[in-house]
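Bear in mind these aren't lab numbers, they're just calculated from the coordinates by the rules spelled out. A quick note: this is a predicted structure, and the numbers were derived from the prediction, not measured. Ideal geometry is used to build each Cβ from the backbone, glycine not excepted, and the neighbour counts take in all protein chains shown.
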Amino acid sequence: MKLTSVFTLTSVFLASAVAFAAEYSFASLDSNNDGVISPTEAQVSSELASQFRKLDSNKDNELTPVEFAQFKQ
């Protein structure tokens, strides 16, 4: 029973991430068109905002298109 619950929750989480990725493009989140997504711009999505530090692989407090692509996977 617990395994089924874990599987269900994981599926729901992945589906919501995919739905977000389909809804938002890098360009739509980069509201000031500077080529990166700032923490402020990431606030559009609580999911993206909560994963921002993990996705920011070079720890420069910005998401590049390559780093954002990891969120979309």
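Local charge for F68 was computed over the other residues whose Cβ lies under 11 Å away, with Lys and Arg +1 and Asp and Glu -1, and equals -4. Between Q73 and N58, the modelled labels are 1.8 nm apart [label points 7 Å from Cα along Cα→Cβ]. Residues E62, E23, ranked from the fewest to the most other C-beta atoms within 10 Å, line up as E23, E62.
Run the numbers for S25 and V66: contour at 0.36 nm per residue of separation, minus the present Cα-Cα distance, in nm. Show your work: numbers first, answer last.
Details: separation 41, 0.36 × 41 = 14.76 nm, distance 1.24 nm.
Answer, rounded to one decimal: 13.5 nm.
Note on A49 and D34: the extension gain reaches 3.6 nm, defined as 0.36 nm multiplied by sequence separation minus the Cα-Cα distance.
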